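Student: Here it is: the structure, laid out below.
The values are calculated or read from the model by the stated rules, or taken from the named source; none is laboratory data. Everything quoted here is computed from the prediction, not taken from an experiment. Ideal geometry is used to build each Cβ from the backbone, glycine not excepted, and the neighbour counts take in all protein chains shown.
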């Protein structure tokens, strides 16, 4: 990254046309996306190169660091296998465009298709079509309603994220001996189902511990909206004990607002597990003490499992000879003590 | 209360009304004051509601001071944008691309390449990007004869696209301490962001009310053909107005980047609607030719105070948006009523 920053080129918008040029020098793609050690043959017999597998991949264009990480992780993971050929198609702007792209891909007959649909319900038919054509489908994160439409579904756990955050905060409050803590919550885009699930999990976990949220603001998954909502929340709660922010990207703005208000009397828990958040937790120099994961590393796992499916192999630690049909990742809580282990999973 | 003041026509030169007090209040010069008074009343009402609903917070003087500055700080970036937007609307146009220009300027200013030039380079980049994109809007509208709505809508899409391209869809963190300190610095106890807003509003007021540029803007917006016949280069002037809006976006981009200590392609989402709404409830006519900077500032403050009021009462964003929408409709209805009553009076 520093080598890029040293590459001084024309800046300052002499012309908008220079945009493309600048882009080339400022790409923020993570340098290392390979997340599973794949060439240790002693540890994992499945790592040995096998039958060639062509993996077709489709995910929406990234509008958020998380989606960008999904695509980057998938690409990097595929590159780590000598027996995998990775073919990505642009999913386009909406579900219809992705359906069209998938139709073309199905016609090319890849061994396995890995896709993160724009919308699970709307892409259900594409999943069915591929399965009917004999191509196993790995669904990433956005489930198909029809069980026939996929061979494997691997997804995160939004409700579990809320539960993990709630449990961590409850445990910390009990540790500190705060009987009825004042808890704030900064959610993501409120109209999304995933936001509602996260909040539900958070509320349920707090309720089980006899606690509740004192004030909840909904931001928009962007840093500036996080700053705006956090500034309001901090005014509403002049004294706070704990804060859960749903998303680490918007958390950059939330932390900025906390610094600007000069507040530090509470602990903050993040969400998703970005690199910046994990680094801050490890450094332990801000109110951010933990983050609960919804890790884009699931894309890396999806590629690994797609390869096994293509080679007709099972997961080496399981007794079954085939890859399971559904995997829901547990939301993990990253704190200072284990931050080092998660450093490479941050996006 | 403001409407009753307008109900009587201004005194004509043939029959000047006696009594110096009443004549000033009813004169044309007092028109902006009368108009803004309504918004001041709304602001006071909102604060009273806040005091009633959260008395324990308002009883602490330190909290009240902090809250006052929080409201102003949260209004600062959008306030600067609204000043530019007010000029564009008075000049008979509209700029839907302001949010996108902020995002592009913010993202461009926070690339690693730009950040390596330091705070000066970042500020320079944001402002140049803002002005250039604004001028492109202006050229398309003035010389390309595109309808402002279409031209700036196209720019909205294109600028956000370019911002996403440059940032690789990532959130770009600003590691420049000088830039990040803009949001935390206080001068004589007043936050720097609020001072910047004050300077921009003052400059906008002088530009609109005390310079030929401002007079021309009103003339171009009121009747472009008459303005052209009077010797104003309408096309060139219109182009400059969009450049001015772009300049305000560049300044706002730095302010917002400092507040969020980062920039990304999705930042300043829907700022165009907030800025237009603030200008309109501040008494700027969408058809052009009339508007005030101070009114627009009050418009922004009303929205910022509502956001604050809803936050301290833990009310959801949806209700807040409904109230915002209601206020816009009422403000425009009041304006229409005032216009109708004036025209019927003139017909008599």
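Student: Can you name every residue in region A:238-263 that is in contact with a strand residue (DSSP E or B) (Cβ under 6 Å, 6 or more places away or on another chain), over 17 Å from residue B:317 (Cβ atoms) and within 11 Å of chain B (Cβ to nearest Cβ)?
Tutor: From region A:238-263, those in contact with a strand residue (DSSP E or B) (Cβ under 6 Å, 6 or more places away or on another chain) are A:240, A:242-248, A:251-252, A:254; that's our starting set.
Of the ones still in play, those that are also over 17 Å from residue B:317 (Cβ atoms) are A:240, A:242-244, A:248, A:251-252.
Within region A:238-263, A:248, A:251, A:252 meet the criteria.
Student: Now a separate question. Can you spot a residue in region A:277-286 that is out of contact with any helix residue (DSSP H, G or I) (no Cβ under 8 Å at 6 or more places or on another chain) and more than 30 Å from residue A:151 (Cα to Cα)? So that I can check it myself, show each step before the final result.
Tutor: As a first pass, look at region A:277-286 and keep what is out of contact with any helix residue (DSSP H, G or I) (no Cβ under 8 Å at 6 or more places or on another chain): A:283, A:285.
From what is left, the residues that are more than 30 Å from residue A:151 (Cα to Cα) are A:283, A:285.
Taking every residue of region A:277-286 in turn, at least one turns out to be out of contact with any helix residue (DSSP H, G or I) (no Cβ under 8 Å at 6 or more places or on another chain) and more than 30 Å from residue A:151 (Cα to Cα).
Student: Please verify whether region A:52-70 includes one or more residues that are under 17 Å from residue A:152 (Cβ atoms), without any contact (Cβ under 8 Å) to a residue 40 or more places away in the chain and assigned to a helix (DSSP H, G or I).
Tutor: Applying the first criterion (under 17 Å from residue A:152 (Cβ atoms)) to region A:52-70 yields A:53-59, A:70.
Retained after the next criterion (residues that are without any contact (Cβ under 8 Å) to a residue 40 or more places away in the chain): none.
Checked against the condition, which is being under 17 Å from residue A:152 (Cβ atoms), without any contact (Cβ under 8 Å) to a residue 40 or more places away in the chain and assigned to a helix (DSSP H, G or I), region A:52-70 yields no hits at all.
Student: Can you tell me which condition residue A:276 does not meet? The list is (1) more than 13 Å from residue A:152 (Cβ to Cβ); (2) touching a strand residue (DSSP E or B) at 6+ places or on another chain (Cβ under 6 Å); (3) in contact (Cβ under 8 Å) with a residue 60 or more places away in the chain, and all the others hold.
Tutor: (2)
Student: Additional query: Based on what the data block shows, is residue A:194 touching a residue at least 12 places away in the same chain (Cβ under 8 Å), over 18 Å from residue A:289 (Cβ atoms) and more than 10 Å from chain B (Cβ to nearest Cβ)?
Tutor: Considered against the rule, which asks whether it is touching a residue at least 12 places away in the same chain (Cβ under 8 Å), over 18 Å from residue A:289 (Cβ atoms) and more than 10 Å from chain B (Cβ to nearest Cβ), residue A:194 comes out as yes.
Student: Give region B:54-71 a look and list any residue that's part of a helix (DSSP H, G or I) and within 11 Å of another protein chain (Cβ to nearest Cβ), or say none. Break it down into steps so the answer makes sense when it comes.
Tutor: The first filter runs over region B:54-71 and keeps only residues part of a helix (DSSP H, G or I), leaving B:55-58, B:61-71.
If the condition is that a residue be part of a helix (DSSP H, G or I) and within 11 Å of another protein chain (Cβ to nearest Cβ), then B:56, B:57, B:62, B:63, B:64, B:66, B:67, B:68, B:69, B:70, B:71 are the ones that fit.
Student: While we're here: Can you tell me which residue among B:250, B:243, B:214, B:295 is farther than 26 Å from residue B:178 by Cβ, within 14 Å of another protein chain (Cβ to nearest Cβ) and in a helix (DSSP H, G or I)? I'd like the intermediate steps shown before the answer.
Tutor: Details: B:250 fails: farther than 26 Å from residue B:178 by Cβ; B:214 fails: within 14 Å of another protein chain (Cβ to nearest Cβ); B:295 fails: within 14 Å of another protein chain (Cβ to nearest Cβ).
Answer to the selection: B:243.
Student: Would you mind finding the one in A:94, A:83, A:39 that is more than 19 Å from residue A:120 (Cα to Cα), surrounded by fewer than 17 Cβ atoms within 10 Å (Cβ to Cβ), at pLDDT below 90 and more than 9 Å from chain B (Cβ to nearest Cβ)? So that I can check it myself, show each step before the final result.
Tutor: Numbers: A:94 fails: more than 19 Å from residue A:120 (Cα to Cα); A:83 fails: at pLDDT below 90.
Every option except A:39 fails the conditions.
Student: I need the full set of residues from region A:313-329 which are surrounded by 12 or more Cβ atoms within 10 Å (Cβ to Cβ) and either within 14 Å of the chain's Cα centre (by Cα) or without any contact (Cβ under 8 Å) to a residue 24 or more places away in the chain (or both), in order please. Walk me through it before giving the result.
Tutor: Of all residues in region A:313-329, those surrounded by 12 or more Cβ atoms within 10 Å (Cβ to Cβ) come to A:313-315, A:322-324, A:326-329.
Result: A:314, A:322, A:328, A:329.
Student: Still on this structure, I have one more. Of the residues that sit in region B:116-132 and are assigned to a helix (DSSP H, G or I) and facing another protein chain (nearest Cβ under 7 Å), which one is surrounded by the fewest Cβ atoms within 10 Å (Cβ to Cβ)?
Tutor: If we filter region B:116-132 for residues that are assigned to a helix (DSSP H, G or I), which is where we start, we get B:118-132.
After this cut, where a residue has to be facing another protein chain (nearest Cβ under 7 Å) as well, the list is B:121, B:124-125, B:128-129, B:132.
On the way: B:121: 17, B:124: 19, B:125: 27, B:128: 21, B:129: 30, B:132: 21.
Restricting to residues being assigned to a helix (DSSP H, G or I) and facing another protein chain (nearest Cβ under 7 Å), the top hit is B:121.
Student: Right, here's the next one. Check region B:84-91 and report whether any residue there is modelled with pLDDT of 95 or more, in a loop (DSSP other than H, G, I, E, B) and in contact with a helix residue (DSSP H, G or I) (Cβ under 6 Å, 6 or more places away or on another chain). Talk me through it step by step, then tell me what you get.
Tutor: First, the residues of region B:84-91 that are modelled with pLDDT of 95 or more: B:84-91.
From the residues that got through so far, the ones that are in a loop (DSSP other than H, G, I, E, B) too are B:91.
The next check asks that each one be in contact with a helix residue (DSSP H, G or I) (Cβ under 6 Å, 6 or more places away or on another chain); those that pass are B:91.
The answer is yes, given that some residue of region B:84-91 is modelled with pLDDT of 95 or more, in a loop (DSSP other than H, G, I, E, B) and in contact with a helix residue (DSSP H, G or I) (Cβ under 6 Å, 6 or more places away or on another chain).
Student: Got a number for residues in region B:316-335 being part of a helix (DSSP H, G or I) and either at the interface with chain A (Cβ under 9 Å from one of its Cβ atoms) or over 30 Å from residue A:199 (Cα atoms) (or both)?
Tutor: As a first pass, look at region B:316-335 and keep what is part of a helix (DSSP H, G or I): B:317-335.
Still in the list and also either at the interface with chain A (Cβ under 9 Å from one of its Cβ atoms) or over 30 Å from residue A:199 (Cα atoms) (or both): B:317-318, B:327-335.
Total satisfying the criteria: 11.
Student: I've got another one for you. Touching a residue at least 12 places away in the same chain (Cβ under 8 Å), under 30 Å from residue B:265 (Cα atoms) and either out of contact with any helix residue (DSSP H, G or I) (no Cβ under 8 Å at 6 or more places or on another chain) or more than 11 Å from chain B (Cβ to nearest Cβ) (or both): is that true of residue A:266 in this structure?
Tutor: Details: touching a residue at least 12 places away in the same chain (Cβ under 8 Å): yes; under 30 Å from residue B:265 (Cα atoms): no; either out of contact with any helix residue (DSSP H, G or I) (no Cβ under 8 Å at 6 or more places or on another chain) or more than 11 Å from chain B (Cβ to nearest Cβ) (or both): yes.
When the stated conditions are applied, residue A:266 does not pass them.
Student: Can I ask one more? Return the residues of region B:159-170 that are assigned to a helix (DSSP H, G or I) and either buried (at least 19 other Cβ atoms within 10 Å of the Cβ) or more than 9 Å from chain A (Cβ to nearest Cβ) (or both); say none if nothing qualifies.
Tutor: B:159, B:160, B:161, B:162, B:163, B:164, B:166, B:167
Student: Taking residue B:189 and the conditions (1) facing chain A (nearest Cβ under 10 Å); (2) on the phi > 0 side of the Ramachandran plot, which numbered condition does it fall short on, given that it satisfies the others?
Tutor: Of (1) facing chain A (nearest Cβ under 10 Å); (2) on the phi > 0 side of the Ramachandran plot, only one is false for residue B:189: (1).
Student: Criterion first (surrounded by fewer than 24 Cβ atoms within 10 Å (Cβ to Cβ), under 23 Å from the mean Cα position of the chain (by Cα) and more than 13 Å from every other protein chain (Cβ to nearest Cβ)) does residue B:153 satisfy it? Quick ask: steps written out before the conclusion?
Tutor: Values: surrounded by fewer than 24 Cβ atoms within 10 Å (Cβ to Cβ): yes; under 23 Å from the mean Cα position of the chain (by Cα): yes; more than 13 Å from every other protein chain (Cβ to nearest Cβ): yes.
Yes.
Student: Would you check if residue A:185 is within 14 Å of chain B (Cβ to nearest Cβ) and not in a loop (DSSP other than H, G, I, E, B)? Don't jump to the end; show me each part of the working.
Tutor: Details: within 14 Å of chain B (Cβ to nearest Cβ): yes; not in a loop (DSSP other than H, G, I, E, B): yes.
Criteria met by residue A:185.
Student: Can I ask one more? In this structure, does residue B:307 turn out to be crowded, with 24+ Cβ neighbours inside 10 Å and either touching a residue at least 40 places away in the same chain (Cβ under 8 Å) or closer than 30 Å to residue B:183 by Cβ (or both)?
Tutor: On the way: crowded, with 24+ Cβ neighbours inside 10 Å: no; either touching a residue at least 40 places away in the same chain (Cβ under 8 Å) or closer than 30 Å to residue B:183 by Cβ (or both): yes.
Judged against the criteria, residue B:307 is not a match.
Student: Here's a follow-up. Could you figure out which of (1) at pLDDT below 95; (2) crowded, with 21+ Cβ neighbours inside 10 Å; (3) over 26 Å from residue B:150 (Cα atoms); (4) facing chain A (nearest Cβ under 10 Å) isn't true of residue B:313?
Tutor: (2)
Student: Select, from A:237, A:255, the only residue that is surrounded by fewer than 24 Cβ atoms within 10 Å (Cβ to Cβ) and more than 19 Å from the chain's Cα centre (by Cα).
Tutor: Working: A:255 fails: surrounded by fewer than 24 Cβ atoms within 10 Å (Cβ to Cβ).
Answer to the selection: A:237.
Student: Could you identify the single residue in B:90, B:94, B:101 that is closer than 15 Å to residue B:278 by Cα, surrounded by 24 or more Cβ atoms within 10 Å (Cβ to Cβ) and more than 9 Å from every other protein chain (Cβ to nearest Cβ)? Show your work before the answer.
Tutor: Numbers: B:94 fails: surrounded by 24 or more Cβ atoms within 10 Å (Cβ to Cβ); B:101 fails: closer than 15 Å to residue B:278 by Cα.
Matching residue, one of B:90, B:94, B:101: B:90.
Student: Please pick out the residue among B:157, B:147, B:129, B:133 that is free of Cβ contacts under 8 Å to residues at least 12 places away in the same chain and within 19 Å of residue B:272 (Cβ to Cβ). Walk me through how you get there before you give the answer.
Tutor: Values: B:157 fails: free of Cβ contacts under 8 Å to residues at least 12 places away in the same chain; B:129 fails: free of Cβ contacts under 8 Å to residues at least 12 places away in the same chain; B:133 fails: free of Cβ contacts under 8 Å to residues at least 12 places away in the same chain.
So the residue among B:157, B:147, B:129, B:133 that is free of Cβ contacts under 8 Å to residues at least 12 places away in the same chain and within 19 Å of residue B:272 (Cβ to Cβ) is B:147.
The rows are residues; the columns are (1) within 14 Å of chain A (Cβ to nearest Cβ); (2) farther than 23 Å from residue A:256 by Cβ; (3) outside any loop (DSSP other than H, G, I, E, B).
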residue: B:228; (1), (2), (3): no, yes, yes
residue: B:231; (1), (2), (3): no, yes, no
residue: B:236; (1), (2), (3): no, yes, yes
residue: B:259; (1), (2), (3): yes, no, yes
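Student: Follow-up. Condition first: part of a loop (DSSP other than H, G, I, E, B), within 24 Å of the chain's Cα centre (by Cα) and under 21 Å from residue A:298 (Cβ atoms). Now tell me which residues in region A:85-126 satisfy that.
Tutor: Hits for region A:85-126 are A:91, A:116, A:117, A:118, A:119, A:120, A:121, A:122, A:123.
Student: Filter region A:155-169 down to residues that are assigned to a helix (DSSP H, G or I) and surrounded by fewer than 21 Cβ atoms within 10 Å (Cβ to Cβ) and give me whichever is farthest from the chain's Cα centre (by Cα).
Tutor: Just the residues of region A:155-169 that are assigned to a helix (DSSP H, G or I), to begin with: A:158-169.
The next check asks that each one be surrounded by fewer than 21 Cβ atoms within 10 Å (Cβ to Cβ); those that pass are A:159, A:167.
On the way: A:159: 14, A:167: 21 Å.
Ranking the candidates gives A:167 first.
Student: Any residue in region A:127-135 that is out of contact with any strand residue (DSSP E or B) (no Cβ under 6 Å at 6 or more places or on another chain) and surrounded by 23 or more Cβ atoms within 10 Å (Cβ to Cβ)?
Tutor: no
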